[in-house]
1. So which residues in the range 67-84 are assigned to a loop (DSSP other than H, G, I, E, B) and surrounded by 12 or more Cβ atoms within 10 Å (Cβ to Cβ), if there are any at all?
2. Give the number of residues within the range 198-247 that are farther than 25 Å from residue 179 by Cα and either modelled with pLDDT of 90 or more or part of a loop (DSSP other than H, G, I, E, B) (or both).
3. Look through the range 111-139, keep the residues that are part of a loop (DSSP other than H, G, I, E, B) and closer than 20 Å to residue 78 by Cα, and return whichever of them is nearest to the chain's Cα centre (by Cα).
4. Which residues, taken from the range 113-125, are farther than 14 Å from residue 163 by Cβ and either in contact with a helix residue (DSSP H, G or I) (Cβ under 8 Å, 6 or more places away or on another chain) or at pLDDT 90 or above (or both)?
5. Would the range 174-184 turn up any residue that is over 22 Å from the mean Cα position of the chain (by Cα) and either surrounded by fewer than 16 Cβ atoms within 10 Å (Cβ to Cβ) or modelled with pLDDT under 90 (or both)?
6. Scanning for something closer than 21 Å to residue 223 by Cβ, modelled with pLDDT of 80 or more and in contact with a strand residue (DSSP E or B) (Cβ under 7 Å, 6 or more places away or on another chain), does the range 87-98 turn up at least one residue?
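The values are calculated or read from the model by the stated rules, or taken from the named source; none is laboratory data. Note that the coordinates shown come from a computational prediction; the quantities given were computed from them, not determined experimentally. With ideal geometry, Cβ positions are generated from the backbone for all residues, glycine too; neighbour counts draw on all protein chains shown.
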């Protein structure tokens, strides 16, 4: 479904819902609603805060819902953190949203390179993890703890990943599988060829939804639901029921 068809689908569904009692939504407003719906769709399908209580890859439908956004085997060069010699950091991609799998390439002088598992760890558990012989980083056992954050001493506030060693080996790179941010849905041709977002950004090129075709109508349903909720329309509960069925 093209972005133009998604706009048409939205207008049909919303006009049917509100029986033409409310004003028409303008093209930039529909784009905004579609993008909000796309964001909610992604979060619902990745996490378990949904009616099915299934997260990403919890079913074949969940896999197919987000398959176009999966980035595989992305290598992130790692550098030693100056103030913490047992930690190494890498810059996450600018389109990064959620991690799916993280590995690291580590090196020990007497043994060479090895790919190990990265175990997500809470910051408040990190000190215990690094000191407990049963859980500390190990080249031999092939596992290191990781956390996410930024470095305050850098000019950039780019999001980063941090991996920790026991000091006997180094981290040379991280290997990341992740869900990326989808392109912003846009239909400037519907309003003379261009328009500006509230932050002043110019939208001058049509952009279809990047998610699989079967997800497009579900995103329109969510957008219609958001619009109905925003105006406190009595048909809101009907739209919510339909959106739940799409789960």
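1. Correct list: 78 only.
2. 10
3. Once the filter is applied, the top-ranked residue is 121.
4. 113
5. no
6. Within the range 87-98, one or more residues are closer than 21 Å to residue 223 by Cβ, modelled with pLDDT of 80 or more and in contact with a strand residue (DSSP E or B) (Cβ under 7 Å, 6 or more places away or on another chain).
This table checks each residue for (1) assigned by TED's automatic domain parsing to the domain that holds residue 229; (2) within 19 Å of residue 212 (Cβ to Cβ); (3) modelled with pLDDT of 90 or more; (4) surrounded by 16 or more Cβ atoms within 10 Å (Cβ to Cβ).
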residue	(1), (2), (3), (4)
13	yes, no, no, yes
23	yes, no, no, no
27	yes, no, yes, yes
34	yes, yes, yes, yes
51	yes, no, no, no
